[in-house]
Structure formats: structure tokens, C-alpha cells
Amino acid sequence: MTRWRYAAATDIGLVRQTNQDALYADDTLAIIADGMGGHAAGEVAAAISIDLVREGFRESPSVEGLVEAIQAANLAVVSDSRANPEHFGMGTTIIAVGLTLDLEGMVSPTLVHVGDSRAYQLRDGALRQLSEDHSVAEEWVRMGRLTTEEAAVHPRRHQLTRAVGVEDTIAIDVASISALAGDRLLICSDGLSNELDNDTLARLASAPNGLEMAVESLVSEAKVAGGRDNISVILLEFDQVNVATFPIRRTMSTAPPPVASKILGSSRPRRRRWTWRVWASTLIVIALVAGFFSVLHWYAYSNYYLGDDAGIIAVYQGQPHGFLWYQPIMVFDTTYSAHQLLAGDARALARTISEPSLSSALLYVKSLHTDWEQSRAASSATTTTTTTSIPTTTTTVKKG
């Protein structure tokens, strides 16, 4: 039998105008979603995802059920975004730990996540990160292009490479958790992990601090450190825990497998004619020419970039300024103004900003706009003297 106790809290922070985080915790499931997108759309994406993952896992408390619930949430957010123009560009991270039942009847903890919300395991005061951030900077760390210290301050550290609600297909990291009784799991949005270092997280989240006090301390310290984003925390402590019969650690994707092309031969023998060499040569030449133009076309439209379309940030497909006779195609105008950018980002946009995929381009647009919003909020905070009332932290506790 696997059992945990938990405490949870979410807080708007000190800079943001709304809380676009959402969370849920009970005896078998803990979820945090960090929404993104203007006009409260991120809040919508997070709420949709939390509800569907909770309902899906309740119907099927297994690894497959948890993964399918996230896939359903992804499609629901995509559909809502397409149906409601005011929700265009919304998305969310999601990270969840569920007590999953396997075919052997064993109930054990499983971690699933998409985005840069994090999960940590604490044992005897030591902290270990269980999740890997799906961000550009962290991907470059794993590739050896950046050090961990460089990634912490890199301008693209907040640009996600995966998120719920951006594309029809989604890749989900799934991992069994090996834990002991007394171990704690800390699940949080980046509003916590960006403000506090690992030593501080370990000190505040570990025993003998009680779960409720630990959660309150984590949120308070993140606000003292700046509170530049919404802050969400769930802290679990295992009373009893089993290890999965067949532990897994892999990425599950809804992307369809590549279709292998087949060349089917004729069932009837072909009569040889004296011109077969001519025909064969002709077909080879045609195939080479067709292949050459196919490669040109692929290269011409293999790139996406951001540009200024009459004051609106637009996404284009193709090579900036064109390639040979292939001209770039505007995919669509986003809902963001080209004037609502930091000065350096505006100059980069004027020169065009290339991205390898449509989802990467969309996520980068959101990141640029978010940087501008945070800059305005920070500027307003430094030029206006007001008395600020710190919102009350909402805390829920469950004791076994």
C-alpha cells in the first residue's frame, strides 16, 4: 500500500496582476499547471488541464490513464484556443504525481510532466530534481552547449520547447518514482524554483518542518526573493510507499509514426523491349529532377520566423527574404503588437527571428510579450509609491 500526506498552496506573487497557476491535490493525485497567455487565457488553459487530468485519472488510475488524461487536456486546450479568438496563444505546463495501479496490482507513484514546472525528491535533507525542464536553455545544457550556470541567466531560459495546448500532438515525460517511507516530494511552478536555490528549497521543505509550515515558508521566501511570478507548491510525504513492479522512464508522444513508403512491383512480368534502357534512363532523370526540386522546396519552407506585419507580430514560414523563386508565406498574425516588446527584442524582430518549428515560434512570441509585461510591471513598481497588501496564501492540508 502506498500512502502520502500533503499540503498545497498557490499565491499570485508580487508582480503579476492575475494568478495563472492552478493546482489540485488529494490522496492519490497531485497536479500543478502554470498557464501562459495574455488576457487571463493562461488561467483558462491551466484550469481546463487540471479538471481533465483529475477526471481522467479518477476513471483510469494507471500510467496509461494518466498519460491519456494529459493528452485529452492538450486537445481540449487546443480546441478552446481555436474556438475562442480571445484565447489564441494560450497554453500551460503541467506536472503531476499519481498513485498508479499496474497489472500486478501494485500501487506506486508515477511522475508525468510537460514544460518547466518541477518535481524534487527530498531524503534526509538532500534534494534531487526528478524532472527535466522542457526549455531552450535546459535543452542546450543537456546538449553540452551551455553550463548550468549559463542557463540560469540565459535570455531563452523561459522559452519552452513543450507545452500543453500549443499543438495537436504532445510529448509527455513519464517516470516511476523510487521512494522510501519518510521521503518528501516537492512539486512547484517556476515561480518558486526561479526565486529560490536548491539549498534553500531543501532547508525549507525538509523535515522536521511540518508540511503546512514548510509550504507556507516556501511561498513566503519566494515572495521575499522577488515574487516575480505566480507561486504554486505541493509538498507530499510518504507514510508507506511501493516501488513499481516494472519501473518506467520514457517519453510518450501522440505524434503519429512515420509512414514508410513502399514500392510495389507489378504482378505481371514485363516484356522486354529494345527500348528498356531508354525508358530506364528517362525515369532516372525524372526522379533526380523531381528529387532536386523537392529538396529545394523542403529547404525553402523548413524554417519559421517572426516578423512585423503592419505593427502586428506575425509568424511566417520560409526563409527570410525568400530563397530562389520561393517566397515566404505568412502563416498568421498573432494577437501581440510589435510595439509591445523590449527595445532589444523589437530590433531583433525588425531583422526577423528564426525558429525551427511553428510551436517554437509561438512559444517564443509569448516569451517576448511576457518579458515586456514584466518589465512594465517592474517599472511601474519602482516609480509609484503605494502601500501593497500581500495576498493571503491559500493552504490546504491532508493528514493521514
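The values are calculated or read from the model by the stated rules, or taken from the named source; none is laboratory data. The structure displayed is predicted, hence computed values, not measured ones. With ideal geometry, Cβ positions are generated from the backbone for all residues, glycine too; neighbour counts draw on all protein chains shown.
Exactly one residue out of Ala7, Ala47 is assigned by TED's automatic domain parsing to the domain that holds Ala222, out of contact with any Cys (no Cβ under 8 Å at 6 or more places or on another chain), in a strand (DSSP E or B) and farther than 20 Å from Val365 by Cα, and it is Ala7.
The single residue among Arg82, Arg58 that is among the basic types (Lys, Arg) and either over 21 Å from Ser176 (Cα atoms) or not in a helix (DSSP H, G or I) (or both) turns out to be Arg82.
Of the strands (runs of 3 or more DSSP E) entirely within the stretch 96-194, those holding at least 1 residues that are under 21 Å from the mean Cα position of the chain (by Cα) and crowded, with 21+ Cβ neighbours inside 10 Å occupy 107-114, 118-123, 171-176, 184-188.
Apart from one condition, Ser220 fits all of (1) within 29 Å of Ala45 (Cβ to Cβ); (2) crowded, with 19+ Cβ neighbours inside 10 Å; (3) in contact (Cβ under 8 Å) with a residue 60 or more places away in the chain; the exception is (2). For the stretch 303-313, the criterion of being at pLDDT 80 or above, under 27 Å from the mean Cα position of the chain (by Cα) and loosely packed, with under 14 Cβ neighbours inside 10 Å is satisfied by no residue at all. In the stretch 26-41, the residue that is nearest to Val166 (Cα to Cα) out of those that are modelled with pLDDT of 95 or more and buried (at least 23 other Cβ atoms within 10 Å of the Cβ) is Gly35. Filtering the stretch 49-82 to residues that are buried (at least 24 other Cβ atoms within 10 Å of the Cβ) and free of Cβ contacts under 8 Å to residues at least 40 places away in the same chain leaves only Ala69. Set side by side, the residues Val107, Val97, Val114, Val153 differ, and just one is farther than 27 Å from Asp11 by Cβ and assigned by TED's automatic domain parsing to the domain that holds Val215, which is Val107.
Each row is one residue, and each column tells you yes or no for (1) more than 30 Å from Glu355 (Cβ to Cβ); (2) polar (S, T, N, Q); (3) modelled with pLDDT of 80 or more.
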site	(1), (2), (3)
Ile248	yes, no, yes
Trp276	yes, no, no
Leu296	no, no, no
Tyr299	no, no, no
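Please indicate, with yes or no, whether at least one residue in the stretch 148-161 is under 23 Å from Arg250 (Cβ atoms), touching a strand residue (DSSP E or B) at 6+ places or on another chain (Cβ under 9 Å) and touching a residue at least 24 places away in the same chain (Cβ under 8 Å). Yes, some residue in the stretch 148-161 is under 23 Å from Arg250 (Cβ atoms), touching a strand residue (DSSP E or B) at 6+ places or on another chain (Cβ under 9 Å) and touching a residue at least 24 places away in the same chain (Cβ under 8 Å). Scanning the stretch 314-330 for residues being under 33 Å from the mean Cα position of the chain (by Cα) and surrounded by fewer than 14 Cβ atoms within 10 Å (Cβ to Cβ) gives a total of 5.
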